[in-house]
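I have placed the structure first, in the form of structure tokens, so that the comments after it can refer back to it.
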Amino acid sequence: MKLKNQLTKEECKEYFYHKNGTLFWKNDLSRYTKKDSPVGYHKSKGYYQVRIRRNNKVFIYYLHVLLWNYYNGIIPDGHEIDHIKQLSNGGLNVIDNLRLVSSSINSQNKKTRSQSGYTNITKSKTNSINPWHVRIKKFKVTRCFDNLEEAIEYRNKMRMQFGLLPAIDK
């Protein structure tokens, strides 16, 4: 994924300063952005957004992307910023909780839609002997278990073996 109109590390430092894990505005830029006030507002998908007017155009950025740019510069093509620890209202926006990952790795963090509540694990309604099924399609892994604990342990082992992030369950 290519991020357009990213701010460079230098541009970020023109707009913001960082203190106690938070970005603050360096100057009054509008009636909504006051000097020394925290940057961002809670908006989309639980993430904080920031509006910045540049060259008579308004750009909207995610706060975690600006925080990454502030410390590390431009995000390379094909990469995204991942929150290591998620909160119920979005990610924890501190630099130690952010990492640069590929888009495919970041998509593995999404919460499961499995009815069992466990990523890569389903419960069979017809197989009562081994009802718990572990399936990691990308690597053609399929195995059945008679209890959930064994299924979770195997799933975690396989995800680690294939270099996948730990699963996010209920």
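Here are a few things to note about the model shown:
- When residues of the stretch 132-142 are limited to those that are modelled with pLDDT under 90 and in contact with a Phe, Trp or Tyr (Cβ under 6 Å, 6 or more places away or on another chain), the one most open to solvent (accessible area, probe 1.4 Å): Phe139
- Failed condition for Trp25, given (1) out of contact with any Ser or Thr (no Cβ under 7 Å at 6 or more places or on another chain); (2) surrounded by 12 or more Cβ atoms within 10 Å (Cβ to Cβ); (3) within 23 Å of Ile74 (Cβ to Cβ): (1)
- The residues of the stretch 25-42 that are within 16 Å of Glu11 (Cβ to Cβ) and either among the charged types (D, E, K, R) or not in a loop (DSSP other than H, G, I, E, B) (or both), listed by number, are Trp25, Lys26.
- For the criterion of being at pLDDT 85 or above, in a strand (DSSP E or B) and open to solvent by 40 Å² or more (accessible area, probe 1.4 Å), Ile52 fails.
- Within the stretch 43-62, residues that are closer than 16 Å to Gln6 by Cα reach partners that are polar (S, T, N, Q) and open to solvent by 80 Å² or more (accessible area, probe 1.4 Å) with beta carbons closer than 6 Å, at six or more positions or on different chains, in the pairs Phe59/Asn5.
- Gln161 on the phi < 0 side of the Ramachandran plot, at pLDDT 85 or above and open to solvent by 30 Å² or more (accessible area, probe 1.4 Å): yes
- The listed residues are Tyr62, Tyr17, Tyr32, Tyr41, and the only one of them that is within 23 Å of Val101 (Cα to Cα) and open to solvent by 20 Å² or more (accessible area, probe 1.4 Å) turns out to be Tyr62.
- Residues of the stretch 1-12 that are open to solvent by 50 Å² or more (accessible area, probe 1.4 Å) and touching a Phe, Trp or Tyr at 6+ places or on another chain (Cβ under 7 Å): Asn5, Lys9.
- Note on the stretch 35-48: among residues that are modelled with pLDDT of 90 or more and out of contact with any Ser or Thr (no Cβ under 6 Å at 6 or more places or on another chain), the one that is nearest to Gly21 (Cα to Cα) is Val39.
The values are calculated or read from the model by the stated rules, or taken from the named source; none is laboratory data. What you are looking at is a predicted structure, and each value in this text was computed from that prediction instead of being measured. Cβ coordinates were reconstructed from backbone atoms using ideal geometry, including for glycine residues, and neighbour counts include every protein chain displayed. We work out accessible area using only protein heavy atoms, side chains counted, and drop any ligands, DNA or RNA first. Shrake-Rupley method; radii C 1.70, N 1.55, O 1.52, S 1.80 Å.
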